[in-house]
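Asks: This is the structure I have questions about; it appears just below.
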Amino acid sequence: RKEVEQDPGPFNVPEGATVAFNCTYSNSASQSFFWYRQDCRKEPKLLMSVYSSGNEDGRFTAQLNRASQYISLLIRDSKLSDSATYLCVVKSPGGSQGNLIFGKGTKLSVKP
Amino acid sequence: NAGVTQTPKFQVLKTGQSMTLQCAQDMNHNSMYWYRQDPGMGLRLIYYSASEGTTDKGEVPNGYNVSRLNKREFSLRLESAAPSQTSVYFCASRSSLNTEAFFGQGTRLTVV
């Protein structure tokens with residue numbers, strides 16, 4: 001099992017749709033969780049951290065389920081500008097990843 | 001506030017040539033990272049430096065060397081470039097183990 005797994009997509013949705021991404025991680029000792037956004041030919045940028053109680057930032061909601069070892073990102077009322085690749089990132093102890101482990105990303109395309 | 005600055009942004013090398021990718025951060029972060037990103041592979045860690053004076057191998061270190069010159073700067077060197085090293089390279093930094101990483105704008109390297 002890979003350390004962090006995401007559905008690669010692409011997710012093609014119309015404007016205004018609600019879309020959800022899931023991410024699973026293998027190390028139960030993982031400590032911190034993040035969602036990053038990466039636009040085409042740009043660097044990844046932090047979208048939001050994921051807290052144990054779940055958290056919301058405008059149209060974006062992140063959830064963490066430690067028992068099942070998965071993280072989710074919900075985007076409501078999708079905008080054209082939400083089109084990007086969304087990376088799930090997990091901080092785990094030890095390993096060769098410098099503690100930050102990136103999923104391969106889920107591509108979202110929002111259409112008019 | 002410049003954040004993480006990488007140079008150059010683009011580079012074409014011939015097989016066997018050497019070059020150094022430069023990275024500097026002005027956020028007083030302890031940890032710095034070098035990643036490569038290839039289509040379908042996601043971000044893979046090459047080397048990281050948890051603090052000034054220390055460096056460690058990541059997932060794909062072969063063919064690369066690094067130097068943590070001081071707290072601000074972390075360079076990546078290709079001693080003898082190979083076509084397999086054609087990729088987009090990202091430098092990143094973060095302040096502590098539980099915080100997010102900030103990325104530079106990337107270097108697009110082509111080895112012919």
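Asks: Compactness ratio of the range B:49-108: Cα Rg over 2.2 N^0.38 Å, N = residue count?
Replies: Numbers: Rg = 12.4 Å, N = 60, 2.2 N^0.38 = 10.4 Å.
Ratio of Rg to 2.2 N^0.38 Å for the range B:49-108: 1.19.
Asks: Simple spin-label model, 7 Å along Cα-to-Cβ: A:T18 to B:E52 in nm?
Replies: The two pseudo-label positions are separated by 5.0 nm.
Asks: What does a probe at B:T86 reach in the range A:29-52, counting residues whose amide N is under 20 Å from the point 7 Å along Cα→Cβ?
Replies: Answer for this model: A:41-42.
Asks: Oh, and also: When all alpha-carbon pairs of the protein assembly as shown are counted, what percent fall beyond 20 Å? Let's see the in-between values first.
Replies: Values: 14722 of 24976 pairs.
It works out to 59 percent of all Cα pairs.
Asks: I've got another one for you. Rounded to whole Å and ordered largest first, report the semi-axes of the equivalent ellipsoid of chain A derived from its Cα gyration tensor (root of 5λ).
Replies: Values: eigenvalues 113, 44, 27 Å².
Ellipsoid half-lengths, sorted descending, are 24, 15, 12 Å.
Asks: Which lysines does A:K111 reach when only Cα atoms under 29 Å apart count, and residues fewer than 8 places away in its own chain are ignored?
Replies: Output for A:K111: A:K42, A:K45, A:K79.
Asks: Do any chymotrypsin sites (Phe, Trp or Tyr not before Pro) in the range B:36-94 lie in a DSSP loop with no more than 10 other beta carbon atoms within 10 Å, and if so, which?
Replies: On the way: sites: B:Y47, B:Y48, B:Y64, B:F74, B:Y89, B:F90; in loops: none.
Hits after loop and neighbour filter: nothing returned.
Asks: If you average the alpha carbon positions of the range B:82-112 and of the range B:18-39, how far apart do those two centres end up, in angstrom?
Replies: 6 Å
Asks: Moving on. Peptide A:44-51: average number of partner chain Cβ atoms within 10 Å per residue? Show your work: numbers first, answer last.
Replies: Details: counts 10, 3, 5, 1, 1, 3, 0, 0.
Counting other chains' Cβ atoms within 10 Å and averaging over A:44-51 gives 3.
Asks: Each residue of the range A:30-43 in turn: what ³J(HN,Hα) in whole Hz from Karplus with 6.51, -1.76, 1.60 and θ = phi - 60°, glycine and Pro shown as x?
Replies: Result, rounded to whole Hz: 4, 10, 9, 9, 9, 10, 10, 10, 10, 7, 4, 6, 10, 7.
Asks: For the range A:31-112, run through the trypsin sites (Lys or Arg not before Pro) and keep only the ones in DSSP coil with at most 10 other Cβ atoms within 10 Å of their Cβ.
Replies: Numbers: sites: A:R37, A:R41, A:K42, A:K45, A:R59, A:R66, A:R76, A:K79, A:K91, A:K104, A:K107; in loops: A:R41, A:K42, A:R59, A:R66, A:R76, A:K79, A:K104.
Sites meeting the loop and neighbour criteria: A:R41.
Asks: Compute the Rg to Rh ratio over chain B from the alpha carbon atoms, using the Kirkwood formula for Rh, and round to two decimal places.
Replies: Values: Rg = 13.1 Å, Rh = 13.9 Å.
Result for chain B is an Rg/Rh of 0.95.
Quick note: the coordinates plus some simple rules give every number you see, no bench work behind them. Predicted model only: the values in this text are computed from it and were never measured. All Cβ positions, glycine included, derive from the backbone under ideal geometry; neighbour counts span all protein chains shown.
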